[in-house]
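Only one structure is covered here, and it is reproduced in the block below.
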Amino acid sequence: MNNIGEFISTLETEFDELAPGTLKPETKFNDLDEWSSMYSLIIIALIDTEYEVTISGEDLMSISKVEELYEMVKLRMKQ
Amino acid sequence: MNPFSLENKTILVTGASSGIGAKTAEVVANLGATVILTARNEERLLDVLKKLPKGEHQIIQADLTDDEAINEIVKQVPNIDGIVHSSGIVKHYPVKFISKKQIKEIYEINYEAPVVLTSSLLKSKKVNKGASIVFMSSIACNFPNKGGALYSGTKAAINSFSKTLALEHAPQKIRSNVILAAMVKTPLFDEAEKTVSKELMNKHGKQYPLGFGEPEDVANTIAFLLSLASKWITGTEIVMDGGLSAGM
Ligand SMILES: NC(=O)c1ccc[n+]([C@@H]2O[C@H](COP(=O)([O-])OP(=O)(O)OC[C@H]3O[C@@H](n4cnc5c(N)ncnc54)[C@H](OP(=O)(O)O)[C@@H]3O)[C@@H](O)[C@H]2O)c1
């Protein structure tokens with residue numbers, strides 16, 4: 001994961017319902033029409049399998065934007 | 001003799017360091033049983049042991065995903081009159097993230113461990129005639145939730161295993177049953193709450209006519225299944241869900 005652009009395209013490929021280009025660093029997850037509890041599970045599993053980083057549903061609730069998620073993952077990858 | 005008593009019975013409890021297993025150890029010891037507690041975390045096992053009334057109880061620290069550890073347990077335990085399988089993990093993986101790694105992770109502890117432990121104990125003739133075996137299963141096997149493909153699968157597989165066991169060992173009056181539990185307030189519950197969020201969990205809780213379960217609710221039913229009072233019950237599933245599946 002070199003930059004946020006790459007991170008976003010990885011997210012977008014997993015969310016089949018999202019048109020490419022929908023996600024921006026400042027996009028709020030809750031503002032997405034398709035947002036659901038299934039999305040949290042997908043994000044948690046994706047980050048676990050792609051980056052070997054564990055995040056919880058509570059972690060997800062504590063952030064709102066795509067860039068905050070990116071920062072969280074980046075920080076935990078370093079640890 | 002009181003058919004609900006567990007006096008003179010030795011009961012092996014897995015997952016005894018936490019939640020339902022820990023409470024079960026306490027409840028069955030109070031009903032007179034000698035308890036053998038097993039799990040990985042020795043410190044927490046000792047904490048549970050301290051709460052039990054005086055007796056010959058013992059702890060065996062073991063990781064049940066390790067075959068050697070299972071052999072050790074089989075070697076160390078005296079003859080037993082009951083097994084309570086309460087070790088287990090919950091992990092959520094959406095279908096498209098499932099690979100052999102995730103399957104192995106969950107099936108190893110939720111399915112393979114209880115199956116191999118049971119068969120090894122039977123093979124080494126450590127299970128007394130008239131013994132009772134109880135598996136912690138989940139209503140998720142009949143009502144899966146998103147992300148729960150693997151977890152629900154392990155529990156469905158355990159249900160079938162338990163029925164087969166009941167059939168094969170009926171001549172020795174060894175019984176086997178599963179408890180299909182809905183959400184019970186244990187550390188595992190707190191874990192699940194972290195994954196799906198408190199909000200969703202509270203919403204889910206509103207659908208239970210009697211609210212979420214307590215470890216003691218399940219432990220008391222396990223104690224009944226271990227006792228002679230349930231001697232005509234085998235190969236079945238007992239639903240404990242606070243009325244969740246009764247209807248709207
Ligand atoms: N709570 C619920 O809502 C609920 C609902 C339906 C079914 N169940 C089932 O009930 C059982 C008990 O759940 P619980 O809520 O009491 O969970 P818990 O508090 O998390 O306890 C799980 C137990 O399993 C043990 N364990 C986990 N991995 C192990 C391993 N590799 N080797 C040996 N022991 C291991 C843990 O001990 P160590 O970490 O010390 O090893 C712990 O004692 C589980 O099978 C679960 O699937 C629970």
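The values are calculated or read from the model by the stated rules, or taken from the named source; none is laboratory data. Values in this document were obtained by computation on a predicted structure and should not be read as measured data. Cβ placement follows ideal geometry from the backbone for every residue including glycine, while neighbour counts extend to all protein chains displayed.
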Name the one entry in B:LEU225, B:LEU244, B:LEU200, B:LEU210 that is loosely packed, with under 14 Cβ neighbours inside 10 Å, within 16 Å of the ligand (Cβ to nearest atom) and either within 13 Å of B:GLY82 (Cβ to Cβ) or hydrophobic (A, V, I, L, M, F, W, C) (or both). B:LEU210
Checked A:ILE4, A:ILE55 against criteria (within 26 Å of B:ASP190 (Cβ to Cβ) and of a type outside the set (D, E, K, R)); the one match is A:ILE55
How many residues of segment A:25-73 are in a helix (DSSP H, G or I) and β-branched (Val, Ile, Thr)? The answer is 7
Select from segment B:1-41 the residues that are under 13 Å from B:ALA229 (Cβ atoms) and among the polar types (S, T, N, Q) and write down the one among them that is modelled with the lowest pLDDT. B:ASN2
The listed residue being among the hydrophobic types (A, V, I, L, M, F, W, C), away from the ligand (no atom under 12 Å from the Cβ), under 17 Å from the mean Cα position of the chain (by Cα) and away from every other protein chain (no Cβ under 14 Å), out of B:ALA181, B:ALA157, B:ALA140, B:ALA219: B:ALA157
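Residues checked against (1) free of Cβ contacts under 8 Å to residues at least 60 places away in the same chain; (2) surrounded by fewer than 20 Cβ atoms within 10 Å (Cβ to Cβ); (3) more than 12 Å from the ligand (Cβ to nearest atom):
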residue	(1), (2), (3)
B:VAL74	yes, yes, yes
B:PRO78	no, yes, yes
B:GLU105	yes, yes, no
B:PRO114	no, no, no
B:SER120	yes, yes, yes
